[in-house]
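As structure tokens, the structure follows; a few thoughts come after it.
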Amino acid sequence: MPASFPSGEASDPPSAGAAIVKPLHPGLLTYRDGNAEMRWEAMAGQGHVVPTDRFFVRNHTSSPQVDVDTWRLRLFGTGLRNSPTRDDAVEFDYDDLRAMPAEETTALLECAGNGRLHFASQQAHETPGVAWGLGAVGVARWRGVRLSTVLHHAGLTDAAVDVQPEGLDPDYVTGGVNLGRVRRPLPIGKALDDVLLAYEMNGRTLPADHGFPVRLVVPGWVGVASIKWVGFVEVSATALFSPWNTLFYRMFGPGHPAGGGLLTTQTVKSAFELPWNARLPAGVDVLLRGRSWSGNGPIRSVEVSTGDRDDWRPATLERHDEGGAWQRWTAVWRPPGPGRWTLRARATDVTGAGQPEHARPNDLGYVFDGIVRHPVTVD
Ligand SMILES: Nc1nc2c(c(=O)[nH]1)N[C@H]1C(S)=C(S)[C@@H](COP(=O)(O)O)O[C@H]1N2
Ligand SMILES: [Mo]
């Protein structure tokens, strides 16, 4: 099998400074300017979920160490009974949350900027932001309490329109301006639908980098909605705004609305479980593996091309993943001879959305959904 990586050699992972707590094994993760990207070859032969040691990390600043004994979840705002203020909030401690009815869900989390690198590499469109390949995505088993349960305990009223969770990580300062704590409003409809306040990931206590003691998990939406290290939740009878839904995480530029189009759900993507520039043997059947996913719901079909022509053919879908957070697939390819080849995969989701040749350009490089050209060398 071509998809191997030197996991045993990663005995001394580089330090990411204070930004990330977990070890960053170079065979599993690529460090990117305070963040860590999953290596796709580290998913070869793995099950449906991404093991926590290789789950991507996206931090605006750094992972805080929260003391769970003094930590409280504080809810306030005009959408709650008696409109409690921030200083006089409705409080729950860790044990309170764990005593509420628990739910477990397998959900995908993906940064809005995932695939940004390919705007530059394939479409000559340079954008600021973390230059992610396709590895700012992961699927985990999350356990926690529904946000709706907590909101009802806190005295939710019919007047509530927006819910804004706020992280306890350091204030985000950019261009000399302090934008405060990372926070982004959710409409009440989504907040009451399928959003989880998670305290476990893959069967363990939520790790420091992924939001201990509790984080939001907002299925289908851009990753920034899934606020980590939640300390406060504002519940408001009027619309809420933060830099994360006004300045960032909007589609800006030609072809987009003045003021930018708000980003909510993710688009369709596909990735091979192979290193970039993988080496494959000539003249023998190779089993190509990959995964496809969409913020709209399950994947219906996947096609693979191994040549420069349009030799698209159906990939075989892993039955076990049907209707799941993402879809594993395989395709057999016999590389005809030595040289450089380009692998491509494209998927269609349950709504009929597919992957175009070119993703819609936007100034900040979000929601790339184009077909990625994955180079391999055959020898
Ligand atoms: N408090 C807080 N929450 C946050 C962030 C952050 O920097 N601070 N980053 C967001 C972004 S942009 C993404 S993509 C996801 C990443 O989650 P992960 O690091 O667990 O993979 O967390 C989101 N939640
Ligand atoms: Mo993100």
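The values are calculated or read from the model by the stated rules, or taken from the named source; none is laboratory data. All values reported here derive from a predicted model rather than from experimental measurement. No Cβ is skipped: glycine too gets one built from the backbone with ideal geometry, and neighbour counts run over all protein chains shown. Areas reflect the complete protein model, heavy atoms only, side chains present, ligands, DNA and RNA absent. Shrake-Rupley method; radii C 1.70, N 1.55, O 1.52, S 1.80 Å.
Among the residues of the stretch 291-302, is any away from ligand 2 (no atom under 16 Å from the Cβ) and among the hydrophobic types (A, V, I, L, M, F, W, C)? Yes, the stretch 291-302 contains a residue that is away from ligand 2 (no atom under 16 Å from the Cβ) and among the hydrophobic types (A, V, I, L, M, F, W, C).
Table: residues versus (1) within 15 Å of ligand 2 (Cβ to nearest atom); (2) in contact (Cβ under 8 Å) with a residue 12 or more places away in the chain; (3) not assigned by TED's automatic domain parsing to the domain that holds residue 180.
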{"residue": "26", "(1), (2), (3)": "no, yes, yes"}
{"residue": "35", "(1), (2), (3)": "yes, yes, yes"}
{"residue": "39", "(1), (2), (3)": "no, yes, yes"}
{"residue": "44", "(1), (2), (3)": "no, yes, yes"}
{"residue": "47", "(1), (2), (3)": "no, no, yes"}
{"residue": "52", "(1), (2), (3)": "no, yes, yes"}
{"residue": "58", "(1), (2), (3)": "yes, yes, yes"}
{"residue": "65", "(1), (2), (3)": "no, yes, yes"}
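Taking the criterion of being surrounded by fewer than 18 Cβ atoms within 10 Å (Cβ to Cβ) and hydroxyl-bearing (Ser, Thr, Tyr), the residues of the stretch 53-77 that qualify are 61, 62, 70.
Yes/no per residue for (1) over 15 Å from residue 299 (Cα atoms); (2) surrounded by 17 or more Cβ atoms within 10 Å (Cβ to Cβ); (3) within 20 Å of the chain's Cα centre (by Cα):
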site: 327; (1), (2), (3): no, yes, yes
site: 342; (1), (2), (3): yes, no, no
site: 351; (1), (2), (3): no, no, no
site: 359; (1), (2), (3): yes, yes, yes
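Taking the stretch 150-193 as the range and being surrounded by 18 or more Cβ atoms within 10 Å (Cβ to Cβ), without any contact (Cβ under 8 Å) to a residue 60 or more places away in the chain and within 14 Å of ligand 1 (Cβ to nearest atom) as the test, the residues that pass are 181, 186. Being modelled with pLDDT of 95 or more, in a helix (DSSP H, G or I) and either open to solvent by less than 30 Å² (accessible area, probe 1.4 Å) or within 14 Å of ligand 1 (Cβ to nearest atom) (or both) is the requirement here; does residue 107 meet it? So residue 107 does not fit the description; no. Within the stretch 203-218, the set of residues being in contact (Cβ under 8 Å) with a residue 12 or more places away in the chain and open to solvent by 30 Å² or more (accessible area, probe 1.4 Å) comprises 203, 204, 207, 212. Of the residues making up the stretch 328-343, those that are part of a strand (DSSP E or B) and touching a Gly at 6+ places or on another chain (Cβ under 9 Å) number 7.
In the stretch 110-147, how many residues are out of contact with any strand residue (DSSP E or B) (no Cβ under 8 Å at 6 or more places or on another chain) and within 11 Å of ligand 1 (Cβ to nearest atom)? Selection size over the stretch 110-147: 3. Is it the case that some residue within the stretch 306-323 is within 13 Å of residue 267 (Cβ to Cβ), in contact (Cβ under 8 Å) with a residue 24 or more places away in the chain and buried (at least 22 other Cβ atoms within 10 Å of the Cβ)? No: zero hits.
The set of residues from the stretch 216-272 being over 29 Å from residue 83 (Cα atoms), in a loop (DSSP other than H, G, I, E, B), away from ligand 2 (no atom under 16 Å from the Cβ) and of a type in the set (Gly, Ala, Ser) comprises 253, 255, 258, 259, 260. Of all residues in the stretch 40-65, which are in a loop (DSSP other than H, G, I, E, B) and near ligand 1 (Cβ under 10 Å from one of its atoms)? The answer is 50, 55, 56, 58, 59, 60, 61, 62, 63, 64. In this entry, residue 250 is excluded by the filter for residues that are at pLDDT 95 or above, closer than 28 Å to residue 54 by Cβ and of a type in the set (Lys, Arg).
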